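Following: one structure in structure tokens, then a few remarks.
The values are calculated or read from the model by the stated rules, or taken from the named source; none is laboratory data. What you see is a predicted model; the values in this text were computed from it and never measured. We place every Cβ from the backbone using ideal geometry, glycine too, and count neighbours over all the protein chains shown.
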């Protein structure tokens, strides 16, 4: 076999393509990772990112690992390393040279002028690939929409089959957290046998089946998903220690614990399925039928703690509603850009201390449907801060929400708990002190 003569220009052209991260290539062809990564800028991302395959669809069959330069599609049974091979696959088995041209945006160096026949063949092949891509994307979108609708129906069935919260373990849980009653009209229910998967998602292993508090995620006044909190079974017998939260304590391998321990690998037993972004949980509706004042916090327990305290203080709550934003990220919505945290640092694999970037205070207003919609009737909006999270992160979150929901005639205030805790910590301590007295 004759060896190719050295060609520095050609070699540099190929190396330019090889230097591109597999994540950058995947994003270029429409990859939407389910576990983040769209802002990570290629090789800076670490770990495995999964989601639908840009070529053949699915739900989580495609993955890239930027730190290893690896990619894999379980649906097609194909994978490998490097940007060129991935581009070739996503371009429906394009040649090596075609993949490099697509990645670099440059023609092969020193290539001869193409003939009319070569140009026509190239244009015909490009047109076919474009048509194939459009058909595949349309099919993928249909599959994605069908999956979302099927998932929504499954979750709605779980919600429908759940039991009323009053008189159930949900009521015991709220009382343990210092909240005396299930609020009238609260969209909360009790499911006695909810599956807990680890990792979360349809492919996760069921490590526990037991009691859970469930709440519908509401988006544009429609059922969009389900929020679940698994409860400590000892609530039924009143055996949960007063200093414990009353949530299920379970390790990644399914071991139940009686008390939280600093060294235990506990999993998060608060989960959301369906469409969370832009949704909220309705905890207390306004009795008057319209909302003049809205109180919104991160979690169920935090928000209901404020409700219970306002009820005890004798406040008129006829036109006040209480919502949970589910988590801090959903409360503030998407940021327009990241900022560098003034003090937080992280250590990379080489042991170097690196600055930490966090979502900034300016909201991304490009897609209103990705943010919680506040009714126009709301004249007063109270945003409940979280005192046991990083102060700068919470301030940026509150600032994004306040900017997003500002309108003439509306007052927006942020309310902060004591440092190092949240409103439920304060509420539980107050109730315990009363009981002791």
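Odds and ends about this structure:
- Selected residue (only one of 316, 268, 253 is out of contact with any strand residue (DSSP E or B) (no Cβ under 8 Å at 6 or more places or on another chain) and either modelled with pLDDT under 90 or in the same structural domain as residue 395 (by TED's automatic domain parsing) (or both)): 316
- Among the residues of segment 271-318, those identified as under 19 Å from residue 387 (Cα atoms) and under 26 Å from the mean Cα position of the chain (by Cα) are 295, 296, 297, 298, 299, 300, 301, 302, 303, 304, 305, 306.
- The condition of being modelled with pLDDT of 95 or more and outside any strand (DSSP E or B) does not hold for residue 144.
- Criterion (more than 24 Å from residue 279 (Cβ to Cβ), in contact with a helix residue (DSSP H, G or I) (Cβ under 7 Å, 6 or more places away or on another chain) and without any contact (Cβ under 8 Å) to a residue 60 or more places away in the chain) met by exactly one of 178, 210: 210
- Identity of the residue in segment 400-437, touching a strand residue (DSSP E or B) at 6+ places or on another chain (Cβ under 7 Å) and free of Cβ contacts under 8 Å to residues at least 24 places away in the same chain, that ends up surrounded by the fewest Cβ atoms within 10 Å (Cβ to Cβ): 406
- Residue 110 falls short on exactly one of the conditions (1) in contact (Cβ under 8 Å) with a residue 60 or more places away in the chain; (2) within 37 Å of the chain's Cα centre (by Cα); (3) surrounded by fewer than 12 Cβ atoms within 10 Å (Cβ to Cβ), and that condition is (2).
- For residue 248, the conditions (1) surrounded by 13 or more Cβ atoms within 10 Å (Cβ to Cβ); (2) more than 21 Å from residue 302 (Cα to Cα); (3) at pLDDT 95 or above; (4) under 24 Å from the mean Cα position of the chain (by Cα) all hold with the exception of (2).
- Among the candidates 369, 331, 344, residue that is more than 18 Å from the chain's Cα centre (by Cα) and either touching a residue at least 12 places away in the same chain (Cβ under 8 Å) or more than 27 Å from residue 431 (Cα to Cα) (or both): 344
- When every residue of segment 86-98 is checked against the conditions, none turns out to be surrounded by fewer than 18 Cβ atoms within 10 Å (Cβ to Cβ), within 30 Å of residue 146 (Cα to Cα), in contact with a strand residue (DSSP E or B) (Cβ under 8 Å, 6 or more places away or on another chain) and at pLDDT 80 or above.
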